[in-house]
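Beneath this line is the structure, given in structure tokens, with notes to follow.
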Amino acid sequence: MSVKKLFVLLTVLMLAVLAIVPVSAQETIKIYTSWPLQGSMQPEGESMLDAARLALQHYLDDHDGVGPAGFNIEIVATDDASPTTGSWDGVIEAENAQRCVNDAACMVYFGTYNSGAAKVSMPITNEAGIAQITPANTYPGLTHAWDAGEPEIYRPSGEVNYFRTNASDDVQGFSAAAWAQCLGFTKVYILDDRQLYGKGVADAFAQRAEEIGLEVVGRDGVESTDIDFRALLTKVRAAGADLVYGGFVIDSGGPQVIQQMDALGLFGSDIKFMGPDGLVNPALVEQVGGADVTDGNIFLTFPGLTPQQLTSDSGVRFVADFEETYGYEPSPWSTYAYQSMQVILNSIERAGVNDRAAILEAMRGLSEFEGVTGIFGFDENGDPTITALGGNIVEMGEFVFSTEISPTMNESCDMGG
Amino acid sequence: MSLELELFIQQVFNGLTIGAYLGLIALGYTMVYGIIELINFAHGDLFAFGFFISLTIFTALGIPRPLEGFNLIVVLPLIFVVTMLLSGGLNVLIDRVAYKPLRNAPRLAPLITAVGMSFALEALFAIWQGPSQINYPRYFPQIDILRDWMGLEPQLLFITTKDLFLFGVTIPLMVGLTLFVDRTKLGKAMRAAAQDREAASMVGINVDRIIATTFFVGGALAGAAGLVWGLYINSGRFLMGFEAGLMAFTAAVLGGIGNIRGAVLGAFIIGLLKAMGDQYIGGAWSRIIIFAVLILLLVFRPSGILGSTQSIEKV
């Protein structure tokens, strides 16, 4: 009898211990990151990884060392670059995504850097029902209607499982129009190179310009290999424009247009040029004839804020602690590696369980979230509801951050930053 | 003057400036075709070569800008001469290496070789000067003639000393070439070789030398066009010869390939079509208009506006 009593007692004790233990035994949730960690991308990739680690460290510091919902978080860093080419590789990217899917502890797939790579991994994580979030992809078609069939072709299950905390390329066009109005421009002539990216941002610019009452006095697509734009620029001048918006990249006519605008005296007559980040390239200044041509005449947008441009308290803390912990300056996209990691941790916290579907659902429901670039949530496509972008000017032949811009900045035109 | 009228005049002027540099390039196409019935696709790249080599010379000499006095009157013409000699020489070399061994091969062989030569030159330019846009510093002084010299206040018209320079170089070269072909003994020999190579050699003309001369003159003109372009537009790229060559070749066909006056006329027509197309129809349509005109013309007048030296054969 006493043996039986002892057995019962032991059983009760065991059950009691078991009831308490799960809280402290800490089950692990794994987050797989996937972006290039070798080749020319290595510095950027390494910095992004450090930024993600720092975001986790900050979370733990702020929560007495306890992970989100009591879980232990492990970052599993994978590399989607090919050792032979040094740049992203679709096969490796697919393998990385598959590893996450096959690892029962993997709850979030954190990648990619290249939009092309995201096109590969998105369908894989989508079918598995795993949340995927990017630290850098700007291609619009990943989240909303853009090229034929997008974004549905990346969502075989029909559900949205992919998110980004940075702006897509088209938001640049919207923001550029708002910024142009704030700068006092009233009549815009829009040019583009008729390519996917260039025409895309120009279309976005035209759409927003119409909404906010910025007059578009003309629109032309140019042959990207053309070398003589003088007839077109004569037309621009005759149309009475005070700004040319050019949807170009560095090798599709943009430099020629800028340089010929100067040669034809357009800059001298206070007709300026604005363009997207495809032209944000240090070589541009030299190509168009140096600082005399560019200074004060060129405005270029960039689809995000670099760590150094962050003004929020959490952003300042991120940059300061990053430099102290790792001993170097965070790279441009580290902002979004840090912010997307913040979103991951917050989603796990709200889900409260280590369940892929629950965490995905929580991420979908993100709203009024305070990230390093500002307060935002996700819309029905997985895009951030509010995004901050950078407006750059040229001073002494160098690109200089001038102000934070956004698609709605024309409502208040606060250009203090 | 109304803005509309000024705009029209300015666009006609823009069209003529385009015709001026295209004409120099088109001459080389038409001369070579006239003599050996080869469409020298690498010809446009000679234009790019003239641009790059003259820029290299300017940079190497460390000439201050804008050009003034001695540099403007003596050094610039010298650079012109050197650029033309080098471009002409390169064209002769290309002929020697790539086309001459195929002189009696089927028509398609040298044609494909010419395309290959064009790609090879473009790749070499990209290695030599880099693949991106290159700035050609403003050596030639740019002064607004109407406002600064004549004190007029037009709303739109914009004509500078660079425009004078463009016409001042290209028109004499075109006239000079026409006189050379029409009046000199060498020109007469060229015309003879163009008419009938075998008969020309029978009457004692050294046809190989005449062909080399033709390549040299054509290359020199394209090189001059490259230099003028650099000083006029101040910007270029390793692929610029493709774009310019395409338009110049079209001009040569439009005017009647093999016909020297036709090439110049064709170039001015193309320049005007481009300027008018950009202004009144839309930049995206300009190329469609140019080639639609070309096709229509060839349907109704297969030998071009002024007539070809020989009937156009299918290539």
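The values are calculated or read from the model by the stated rules, or taken from the named source; none is laboratory data. Since we're looking at a predicted model, the values are computed, not measured. Don't worry about glycine lacking a Cβ; one is built from the backbone with ideal geometry, like all the others, and counts go over all protein chains shown. Ligands, DNA and RNA are excluded from the accessible area calculation, which covers all protein heavy atoms including side chains. Shrake-Rupley method; radii C 1.70, N 1.55, O 1.52, S 1.80 Å.
Quick notes on this one:
- With loop membership from DSSP and a limit of 14 other Cβ atoms within 10 Å, the longest segment of chain B without GluC sites (Glu not before Pro) is B:69-312.
- Using the Cβ-Cβ distance between B:Lys188 and B:Leu246 with R0 = 30 Å, the FRET efficiency computed as 1/(1 + (r/R0)^6) comes to roughly 0.40.
- Across peptide B:275-283, the mean count of Cβ atoms from other chains lying within 10 Å of each residue's own Cβ comes to 5.
- Axis angle, to the nearest 10 degrees, between helix B:108-129 and the longest C-alpha principal axis of chain B: 40 degrees.
- Within the accessible area of chain A (1.4 Å probe), percent carbon and sulfur: 54 percent
- Across chain B, the relative contact order, built from alpha-carbon pairs under 8 Å that are at least six residues apart, equals 37 percent.
- Gaussian network model of chain B, Cα within-10 Å springs - most flexible of B:Val82, B:Val97, B:Val203: B:Val203
- Percent breakdown of C-alpha pair distances by 20 Å bin, ordered from the shortest bin, for chain A: 25, 50, 19, 4, 1, 0
- If a spin label sat at a point 7 angstrom from the Cα of A:Asp203 along the line to its beta carbon, the backbone N atoms of segment A:120-153 nearer than 15 Å would be those of A:139-152.
- Among A:Asn102, A:Asn72, A:Asn297: highest mean-square fluctuation, GNM of chain A, C-alpha pairs under 10 Å: A:Asn102
- Residue by residue along B:227-237, Cβ atoms of other protein chains within 10 Å of the local Cβ number 4 on average.
- Taking 4.7 Å between beta carbons as the limit, the protein assembly as shown has no unpaired Cys residues.
- Backbone phi angles across segment A:105-117, fed through the Karplus curve with coefficients 6.51, -1.76 and 1.60 (θ = phi - 60°), yield HN-Hα couplings of 8, 6, 10, 9, 9, 9, x, 10, 8, 8, 4, x, 5 Hz in residue order; Gly and Pro are listed as x.
- Close amide H partners of A:Tyr32, meaning residues 5 or more places away or on another chain with modelled amide H under 5 Å apart, are A:Val76, A:Met107, A:Val108, A:Phe110.
- Sparse-neighbourhood loop sites, trypsin sites (Lys or Arg not before Pro) in segment A:118-217 - DSSP loop, at most 15 other Cβ within 10 angstrom: none
- Size of electric dipole in the protein assembly as shown: Cβ of Lys, Arg +1 and of Asp, Glu -1, about Cα centre, debye, nearest 20: 3640 debye
- Value of [θ]222 nm, deg cm²/dmol, for chain B, DSSP H segments ≥ 4, -39500 (n - 2.57) each, nearest 500: -22500 deg cm²/dmol
- Degrees, to the nearest 10: A:196-212 long Cα axis against longest axis of chain A: 80 degrees
- Per-residue shielding of A:219-229, expressed as the average number of other chain Cβ atoms within 10 Å of the residue Cβ, stands at 6.
- When chain A is treated as a GNM with alpha-carbon contacts under 10 Å, the residue of A:Thr11, A:Thr112, A:Thr85 showing the greatest mean-square fluctuation is A:Thr11.
- Loop sites in segment A:330-417: GluC sites (Glu not before Pro), DSSP, at most 12 other Cβ within 10 Å: A:Glu368, A:Glu380
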